[in-house]
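For reference, the structure discussed in these notes is given below.
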Amino acid sequence: MTVPKYSLPTGSTVIAIIGGGIAGCVQAICLAEEFPWLKILIFEKNKDILCGTSCMNPGRPTFGFHYRHLETATFCQDNTVNFTKFLERIGCRDIFARAPQKGIYVLMKDSVQILGESVDPVFSPHEIIPVFEQIKRHAIEKYQNDREFEKHFGRPDQICRQLQESEYESFLTPEVLKGVAACYETAERTFNTAGICSFLRGYVKKFKNITIHTGANVTYLERMEQSTRRNYRITWYDVREAEKRIDIAQLVTLACWENVGAFRRQLGKSDCEPTHNRLKMLAIVDINIEASLLQTIRPIFVASGPFCMISPQECNEQPDGHIRCRCACTLAIRTNIMTVPDNVPLPADYEEMLNRRISHEDRLNMAKPILEGAQQFFTCLKHARLADVRFGTVRVPYGGGNNMDLHDAASEHHKRNYPGCYRLGEGLYVNEAMKLIYSTYNAEKMVEWVRADILQGNGTKESIYCLPIDEIP
């Protein structure tokens, strides 16, 4: 039997972050800056940090224009701005994708035939359009004298404008144009997710008080009740050395998405409504297009019903004068593969797809309907080629309703007023970062909570905290 190797604290306070994605790494950076004496351990199951679901994020522009609820929309807007400012502050210069920018939002008034299915609008344009104006008003009131905002997104009073049909008809197929009620251009920009992950991967490793364990499959978390000081034992399997190891920490953050529910149970903290794991498939397509038609490739989102999106990732000029553009593509009725409560084990087929244990050919065959459906919407995809397929987990409804049907107006999807961070008590936290842009908000909350717990001698209230944005203390 292999004897576990122990790494015990020597009087210092240790916080373990289970999960080395964007949420976990941004939290580690903010903690390392605020508490240079704090020992921070990151446990990442993959070969390196920031190479799991974080890398498959299409970086969709998020000023909140695809939400009907104003609170959710403006929270998205503020966090997009804060996330951008955070990246610039720490020296990330390649924040946005080198591809056509400014979002296009297509609001449908009639049903759309897609892959043989009739998809109705979830909300009428009359319900959504007034929210657009309120989103603009929020930007004007909050950012009118903000030079950083203007540098990245332009003037706040120009963050959206309604287009004339002559301005958007080249983007959309004739079939879709028939059902369009309105089309808006926004100042949103697509994040360069791969570049951001690459930068953060190097940046987080510069901190002397951060230790990163990769290939570290955490299997069990438990409280050491016999200790005079409250400690948590972290049992993990070192894939590289094929050894079982144990680390000890006084504070623990669960930033590990698929395993949050399991670890909550191990720690006796299963009282919160479970968040769900949704396996999502992202189609990556290559478009070879004449330079004169480049304007038809934009971040485009057909909202409130079809929920079809393309997000340009990069553009390169070819020797023949054409432009090759790589785009991420989603289509709700085909992109979302399966949803599993986080308090039950993941099905075997979920694990196989998530860990890319199916052949490249099988992955492409699964993603073909996404491209075929999107081609029914966007003219630029007429001759697109499916280049790659990525699988990742997204976290979905987290409250008591459990209505996760995206095409139901009452679904929790349409009012995401929960950023994915909460306190479990006793020095335990959850940092799920429901969106890429929530990473900085959550990290700031973690700094606040860690400070409070350290000042209180690592003691917190026993009650669990699962609060929406406007109620988080």
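The values are calculated or read from the model by the stated rules, or taken from the named source; none is laboratory data. Keep in mind that this is a model prediction, so the values were computed, not measured. As a convention, Cβ positions derive from the backbone with ideal geometry for all residues, glycine included, and neighbour counts pool all protein chains shown. Ligands, DNA and RNA are excluded from the accessible area calculation, which covers all protein heavy atoms including side chains. Shrake-Rupley method; radii C 1.70, N 1.55, O 1.52, S 1.80 Å.
Here are a few things to note about the model shown:
- Against the criterion of being surrounded by fewer than 20 Cβ atoms within 10 Å (Cβ to Cβ), modelled with pLDDT under 95 and of a type outside the set (Ser, Thr, Tyr), residue 268 qualifies.
- Of all residues in the range 162-198 being among the acidic types (Asp, Glu) and either part of a loop (DSSP other than H, G, I, E, B) or under 27 Å from the mean Cα position of the chain (by Cα) (or both), the one that is modelled with the lowest pLDDT: 188
- Among the residues listed as 208, 151, the single one being surrounded by fewer than 16 Cβ atoms within 10 Å (Cβ to Cβ), closer than 30 Å to residue 19 by Cβ and not small (Gly, Ala, Ser): 208
- Qualifying residue in the range 333-346 (condition: open to solvent by 30 Å² or more (accessible area, probe 1.4 Å) and of a type in the set (Ser, Thr, Tyr)): yes
Here's the yes/no breakdown for (1) among the hydrophobic types (A, V, I, L, M, F, W, C); (2) open to solvent by 20 Å² or more (accessible area, probe 1.4 Å):
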| residue | (1), (2) |
| --- | --- |
| 386 | yes, yes |
| 393 | no, no |
| 397 | no, no |
| 407 | no, yes |
| 411 | no, no |
| 415 | no, yes |
| 441 | no, yes |
| 446 | yes, no |
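- Index of the failed condition, residue 389 passing every other in (1) in the same structural domain as residue 280 (by the TED database); (2) part of a loop (DSSP other than H, G, I, E, B): (2)
- Top-ranked residue of the range 101-125 - restricted to ones that are buried (at least 19 other Cβ atoms within 10 Å of the Cβ) and not β-branched (Val, Ile, Thr), ranked as farthest from residue 411 (Cα to Cα): 103
- Close pairs (9 angstrom Cβ cut-off, 6 or more residues apart or separate chains): farther than 16 Å from residue 78 by Cβ in the range 138-158, open to solvent by less than 90 Å² (accessible area, probe 1.4 Å) and outside any helix (DSSP H, G or I) anywhere: 154/187; 155/187; 158/187
- Qualifying positions in the range 31-52 - assigned to a helix (DSSP H, G or I) and either assigned by the TED database to the domain that holds residue 129 or surrounded by fewer than 24 Cβ atoms within 10 Å (Cβ to Cβ) (or both): 32, 33, 34
- Under the condition of being surrounded by 13 or more Cβ atoms within 10 Å (Cβ to Cβ) and more than 25 Å from the chain's Cα centre (by Cα), the residues counted in the range 126-148 number 5.
- For the range 221-234, filtering for residues that are surrounded by fewer than 16 Cβ atoms within 10 Å (Cβ to Cβ) and in contact with a strand residue (DSSP E or B) (Cβ under 6 Å, 6 or more places away or on another chain) leaves 2.
- Test: residue in the range 430-439 that is assigned to a strand (DSSP E or B) and crowded, with 24+ Cβ neighbours inside 10 Å: yes
- First in the range 201-219 and on the phi > 0 side of the Ramachandran plot, second anywhere and small (Gly, Ala, Ser), Cβ under 8 Å, 6 or more apart: none
- Taking (1) more than 22 Å from residue 238 (Cα to Cα); (2) at pLDDT 95 or above; (3) part of a loop (DSSP other than H, G, I, E, B) in turn, residue 10 satisfies each apart from (2).
- Selection of the range 311-366 for residues being polar (S, T, N, Q) and either in a strand (DSSP E or B) or within 29 Å of residue 275 (Cβ to Cβ) (or both) yields 311, 313, 316, 330, 335, 336, 339, 343, 355.
- Residue 215 fulfils the conditions (1) open to solvent by 70 Å² or more (accessible area, probe 1.4 Å); (2) assigned by the TED database to the domain that holds residue 27; (3) of a type in the set (Gly, Ala, Ser) except for a single criterion, (1).
- Residue within the range 207-220 that is of a type in the set (A, V, I, L, M), farther than 26 Å from residue 83 by Cα and in contact with a strand residue (DSSP E or B) (Cβ under 9 Å, 6 or more places away or on another chain) present: yes
- Selection count, the range 293-332, where residues are farther than 30 Å from residue 109 by Cβ and either open to solvent by less than 10 Å² (accessible area, probe 1.4 Å) or touching a residue at least 24 places away in the same chain (Cβ under 8 Å) (or both): 10
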